[in-house]
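Data first, discussion second: the structure below is written as C-alpha cells.
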Amino acid sequence: MAIELEQFVDADHLAVLRAIPAGTVVLDDIPRRRAAFAAAADAAPMPMPDDVTISEETAPGVRGAPAVRVKVYRRNGVTNDVPGLYWIHGGGMVLGSADRDDPRCAWLASKLGIVVASVDYRLAPEHPYPAPMDDCYSGLSWFASNASALGVDSARLAIGGASAGAGLAAGLALLARDLKAPAICFQLLIYPMIDDTNTTPSSYDIIDDRVWNRAANIVGWESYVGGLDDIPIYAAPARADDLSGLPPAYVSVGTLDMFLDEDISYARKLLASGVPTELHVYPGAFHGSNGLVPKAALTRRWIADEHAALVRALGL
C-alpha cells in the first residue's frame with residue numbers, strides 16, 4: 001500500500017518536501033536528470049569549511065579499466081597516523097559524482113580530524129556492474145596502499161556511503177573480505193541500496209516522484225545489473241547469506257524511505273552473522289531528507305549519531 005508522505009513526514013521536513021518539484025526523481029531520461037541535479041546543486045551550494053584542503057589523486061584501474069579519480073580531504077594542520085574514511089557517493093547507481101559530496105566529505109574531515117577519500121566511480125547504465133564496483137575497489141586499494149604517505153593509520157580505515165554509495169560500500173566490504181584485502185575496520189551504511197528484488201513492503205510503499213521511489217529504484221537496478229543472469233552478492237549485498245567476517249557496521253534509515261525494510265533486514269542478518277552492528281531508524285524521515293533540512297532537530301540527531309559512531313569505531 002502506498003504511503004502518503006506528507007501525512008507522516010517529520011514536521012521540520014514537511015516544508016522542504018513540499019518545495020521539491022513533482023517529477024524530480026523521474027528517470028525516463030537519465031542524462032537530462034543528471035544535468036538537472038547538477039544545476040540544482042550549483043544553484044544552491046552547501047557551505048564548505050575553510051580549514052580543509054582538497055586534492056585530486058588517481059588510482060590505477062583494474063583489469064585494464066580506466067584510472068579512477070579519488071578526491072582527498074584533509075583538515076589543515078592534522079598530524080600523521082589519523083584514521084581514514086573511504087567515501088562512496090550516492091545516486092541510485094546512475095546519478096551523482098564525488099564533487100557533489102564535497103561538503104559532506106570536507107565537513108567530516110574538518111569535524112573529526114580524519115582523512116577522507118572519495119571515489120568518482122563510473123555510472124550505469126553506460127557502465128553497469130562490475131565497472132562501478134571495480135572502480136570502488138581500485139580506489140580503496142589505492143587509499144590503503146598509500147595510507148602512510150597520506151598520513152593515515154592503515155589499521156583505522158573505514159568505508160562508508162549513502163544510498164547507492166552505501167550499497168556499494170556494503171558490497172565492497174564483502175569483496176574485501178573474500179579477497180582478504182584491504183583491511184577495513186568499520187562500515188558506515190546510510191540508507192543503503194542493497195536489494196535488487198524490490199519485493200519488500202516498504203519498496204511498494206514509496207511512489208511519490210519527488211523522492212527516491214519504487215519506479216526510480218527499478219530503473220537504477222535495471223541499469224546496474226539488468227544484463228546479468230546471476231546477480232552476485234557484491235552487486236546486491238541483500239543476496240548474501242553469510243555476512244560473517246565483515247567489519248562492524250552502522251546502518252541508518254528513515255521510516256519513510258523505501259529502503260527501510262531491506263536495511264533493517266540487512267542489519268539483522270549482520271547481527272545474526274556475529275557482526276557488531278548498530279541500527280538507527282529515524283521516524284518521519286524520507287530518503288535523503290537529512291541532507292535537505294540541516295538545521296532540523298531530527299537531522300542534527302542523525303548527524304550526531306553518525307559522528308559518534310565514527311568516533312567510537314576509529315578511536316578518536
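The values are calculated or read from the model by the stated rules, or taken from the named source; none is laboratory data. All of these numbers come straight from a predicted model, not from anything done at the bench. All Cβ positions, even for glycine, are placed from backbone atoms using ideal geometry, and neighbour counts span all protein chains on display. Calculation scope for accessible area: heavy atoms of the full protein, side chains included, ligands and nucleic acids excluded. Shrake-Rupley method; radii C 1.70, N 1.55, O 1.52, S 1.80 Å.
What ranking of K71, K295, K111, K269 comes out by heavy-atom accessible area, probe 1.4 Å, highest first?
K295, K111, K269, K71
How much length, in nm to one decimal, is gained on full extension between A22 and A308, taken as 0.36 nm per residue of separation minus their Cα-Cα distance? The span from A22 to A308 would gain 99.4 nm if fully extended. Listed values for region 111-121 are Karplus-derived 3J(HN,Hα) couplings in whole Hz (6.51 cos²θ - 1.76 cosθ + 1.60, θ = phi - 60°), namely 6, 9, x, 9, 9, 10, 10, 10, 8, 9, 6, and x replaces Gly and Pro.
Modelled this way, with points 7 Å down the Cα-to-C-beta line, the labels at A44 and D81 are 4.5 nm from one another. Once backbone amide H atoms are built at 1.01 Å from N, Y282 has V253, G254, T255 as its partners under 5 Å, excluding neighbours fewer than 5 places away on the same chain. Label-to-label distance for D99 and R268 is 4.3 nm, based on points extended 7 Å past Cα in the beta-carbon direction. Think of it as helices only: each DSSP H run of n ≥ 4 in the chain is worth -39500 (n - 2.57), and spread over all residues that comes to -12000 deg cm²/dmol at 222 nm.
Calculate log10 I(q)/I(0) of the chain for q = 0.07, 0.14 Å⁻¹, where I(q) comes from the Debye formula with a single equal point scatterer on each Cα and nothing for solvent. Normalising to I(0) and taking log10 leaves -0.24, -1.07. When the Cα atoms of region 180-316 are aligned to their principal axes, the ranges along those axes come out at 43, 41, 23 Å in descending order. Specify which residue in the list N217, L188, A238 is farthest towards the positive end of the charge dipole of region 175-239, using unit charges on the beta carbon of Lys, Arg (+1) and Asp, Glu (-1), about the Cα centre. It is L188, whose Cα lies furthest towards the positive end.
Computed from backbone phi, the HN-Hα couplings of region 31-39 come to x, 5, 5, 4, 5, 5, 5, 5, 5 Hz, rounded to whole numbers (Karplus: 6.51 cos²θ - 1.76 cosθ + 1.60, θ = phi - 60°; Gly and Pro given as x). Among beta bridges from DSSP that stay inside the chain, the antiparallel ones total about 30%. Restricting attention to region 40-174, close to 55% of DSSP beta bridges with both partner residues there are antiparallel. Each residue of region 95-109 is assigned a 3J(HN,Hα), and the resulting list reads 10, x, 6, 4, 4, 5, 9, 3, x, 4, 5, 5, 5, 4, 5 Hz, derived from the Karplus form 6.51 cos²θ - 1.76 cosθ + 1.60 (θ = phi - 60°), x at Gly and Pro. Rounded to the nearest 20, the Cβ-based charge dipole of region 1-133 about its Cα centre (Lys and Arg +1, Asp and Glu -1) stands at 360 debye.
Report in % the part of the accessible area of the chain that belongs to carbon and sulfur, leaving out ligands and nucleic acids; probe 1.4 Å. After summing per-atom areas, the C and S share lands at 55 percent.
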